[in-house]
Amino acid sequence: MEICVIGAGYVGLTSAVVFARLGHKVTCVDKDSEKIKKLNEGSITIFEPGLEKLLVGFNRNISFSEDIEDAIGRAETILIAVGTPQLPDGEADLQFVNEVILTIANTIYSHKTIITKSTVPIGTNDKLVEILLELEVKRSRFHIVSNPEFLREGSAVKDMLHPDKIVVGLEDHDQQSLIKLKQLYYGINAPFVVTSLKGAEMIKYASNSFLATKISFMNEMARICDVFNVDIMDVAKGIGSDPRIGSEFLQAGIGYGGSCFPKDLQSLIYTSKKQEILPKLLMATEEINQTQVDVYMDKLKSYIPNLTDKKITVLGLSFKPNTDDIRSSPAIRLIHKLVAHNAKVHVYDPKAKYETTNVIQFHHVNDALNDTDCIIVATDWDEFLYLDWNDIKRRVNENIVLDTRNFLNRNKVEKHGFTYVGLGRSRNETKLPE
Ligand code: UDX
């Protein structure tokens, strides 16, 4: 099948490479000429395990271009994978999706199956049908399909090759497009969930909202556990063994970040409110997430009441491990708060970079740890599990470790004389003398 993927971001690029791997002829287009140049040279513009290897292995099936009209003209299937960033009021910005639809309308001379992969508010795909008709594109020339993507950064290739489902939203039970989608995904072993256009859009939002709510729920439980001296890790284990709850996404910590959960939740809150529905649960999920960094700041201040000129080392910048993505990363929010309290912030991350005033980023973890007054683990990179605490002990001023991800081996850390501070981690934490 000849496919045109519009947008070479996370979703677009991974989809393009995976469809090339499935044997389709793919042209991936993007307006960013630097990006296209690099991709044509075989180097990937994002850090995503396995993607570059797959691109190099199947480069005979894929090309990258800036010429969107040409790519649309040749393809029978068009995938829209452009960004839908967030506007200040939480609404999703559909500017790029609308631009693409206009280009398609001007370029359509044969039948196209137009597949929306971008996360778009409920009702958007129906609107796209209307726009194409208003622009006098013949009804026989196109079908729109909503096919949201559920891949996670850091495991995007694996998630796309082995999804738990493929969600397909169709216009009026359009069987022709369903057959097309089955051809497109031929070789991937996953059940199809077939629904309406709006149904597919809603599944995407409900999925991300549910997962975000699960995390905020556990973060609330952890706050309660703290007061009652109960270990949240035991609670996660205890409730997670019930298949109705499930053991994943029960890790309490500093809150969720990334390019999807915060944005999608706020977008669903915005659309619901516009329809005069107050989504109280979603709003609470969001509120808990926003204030989770403050919970850790309060903990920190109970050990170091005055942060002025204190050296604080933050390990981890990315919103989660195995990615260099810092979009809506709680680690960055935490750093801003530390800077606002006049702390001297030292940071280290295995992949991510962040430049701002009053923050020094180090290339080696040990350099970041020298003479520090507190170590804060802000991202659960595996690398931090293997830190040499015996060596670190000799480098630091104070022995405080704030584990905002509840993931370090507490006994190991404490064995070397550090004060371990997690969230909802039972044992009474003894305060250090000021
Ligand atoms: C998410 C969805 O998982 C994916 O299906 C969707 O397509 C895009 O959004 P992603 O943003 O890559 O994927 O990250 P994910 O692995 O889901 O983690 C999101 C955030 O939640 C991270 O900040 C992570 O650290 C946090 N998290 C996750 C927790 O705090 N606790 C958990 O138990 C799980």
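The values are calculated or read from the model by the stated rules, or taken from the named source; none is laboratory data. In this text the structure is predicted, and so the values were computed from the model without any measurement. Note: ideal-geometry Cβ built from the backbone for every residue, glycine included; neighbour counts use all protein chains shown.
Results for (1) touching a Lys or Arg at 6+ places or on another chain (Cβ under 7 Å); (2) farther than 21 Å from MET233 by Cα; (3) modelled with pLDDT of 95 or more, shown as yes or no for each residue.
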position	(1), (2), (3)
HIS346	yes, yes, yes
GLU355	no, yes, no
HIS364	no, yes, yes
LEU369	yes, yes, yes
ASP382	no, no, yes
ASP388	no, yes, yes
LEU408	no, no, yes
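Among the residues of the range 141-158, those identified as outside any loop (DSSP other than H, G, I, E, B) and either closer than 29 Å to ILE104 by Cα or away from the ligand (no atom under 14 Å from the Cβ) (or both) are ARG141, PHE142, HIS143, ILE144, VAL145, SER146, ALA156, VAL157. Take ILE114 and tell me if it is away from the ligand (no atom under 16 Å from the Cβ), out of contact with any His (no Cβ under 8 Å at 6 or more places or on another chain) and not in a helix (DSSP H, G or I). It is false that ILE114 is away from the ligand (no atom under 16 Å from the Cβ), out of contact with any His (no Cβ under 8 Å at 6 or more places or on another chain) and not in a helix (DSSP H, G or I).
Listed by first and then second residue, the pairs with beta-carbon distance under 9 Å, at least 6 apart or on different chains, first residue in the range 95-122 and acidic (Asp, Glu), second part of a helix (DSSP H, G or I) and at pLDDT 95 or above, form an empty list.
Residues in the range 201-225 that are closer than 19 Å to LYS280 by Cβ and of a type in the set (Ser, Thr, Tyr) were compared, and the one that is nearest to the ligand (Cβ to nearest atom) is SER216. When ASP164, ASP172 are screened for being assigned to a loop (DSSP other than H, G, I, E, B), more than 16 Å from ILE80 (Cα to Cα) and touching a residue at least 12 places away in the same chain (Cβ under 8 Å), only ASP164 passes. Going residue by residue through the range 270-279, is there one that turns out to be modelled with pLDDT of 95 or more, on the phi > 0 side of the Ramachandran plot and assigned by TED's automatic domain parsing to the domain that holds ASP324? The answer is yes, given that some residue of the range 270-279 is modelled with pLDDT of 95 or more, on the phi > 0 side of the Ramachandran plot and assigned by TED's automatic domain parsing to the domain that holds ASP324. Kindly indicate whether any position in the range 181-199 is within 16 Å of the ligand (Cβ to nearest atom), in a helix (DSSP H, G or I) and at pLDDT 95 or above. Checking the range 181-199: not a single residue is within 16 Å of the ligand (Cβ to nearest atom), in a helix (DSSP H, G or I) and at pLDDT 95 or above.
Scanning for something surrounded by fewer than 17 Cβ atoms within 10 Å (Cβ to Cβ), of a type in the set (Asp, Glu) and in a helix (DSSP H, G or I), does the range 295-306 turn up at least one residue? There is at least one residue in the range 295-306 that is surrounded by fewer than 17 Cβ atoms within 10 Å (Cβ to Cβ), of a type in the set (Asp, Glu) and in a helix (DSSP H, G or I). Identify, by number, the condition in (1) in contact (Cβ under 8 Å) with a residue 60 or more places away in the chain; (2) among the hydrophobic types (A, V, I, L, M, F, W, C); (3) more than 12 Å from the ligand (Cβ to nearest atom) that MET297 doesn't meet. Status for MET297: all satisfied but (1).
Here's the yes/no breakdown for (1) free of Cβ contacts under 8 Å to residues at least 24 places away in the same chain; (2) buried (at least 16 other Cβ atoms within 10 Å of the Cβ); (3) assigned to a helix (DSSP H, G or I); (4) outside the structural domain of TYR420 (by TED's automatic domain parsing):
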{"residue": "ILE215", "(1), (2), (3), (4)": "no, yes, yes, no"}
{"residue": "ALA222", "(1), (2), (3), (4)": "no, yes, yes, no"}
{"residue": "CYS225", "(1), (2), (3), (4)": "no, yes, yes, no"}
{"residue": "GLY238", "(1), (2), (3), (4)": "yes, no, yes, no"}
{"residue": "ILE245", "(1), (2), (3), (4)": "yes, no, no, no"}
{"residue": "GLY253", "(1), (2), (3), (4)": "no, yes, no, no"}
{"residue": "TYR256", "(1), (2), (3), (4)": "no, yes, no, no"}
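The set of residues in the range 142-176 that are among the hydroxyl-bearing types (Ser, Thr, Tyr) and crowded, with 22+ Cβ neighbours inside 10 Å contains only SER146. So, VAL168, is that one more than 27 Å from ILE269 (Cβ to Cβ) and either among the hydroxyl-bearing types (Ser, Thr, Tyr) or modelled with pLDDT of 95 or more (or both) or not? For VAL168, the condition - more than 27 Å from ILE269 (Cβ to Cβ) and either among the hydroxyl-bearing types (Ser, Thr, Tyr) or modelled with pLDDT of 95 or more (or both) - is not met.
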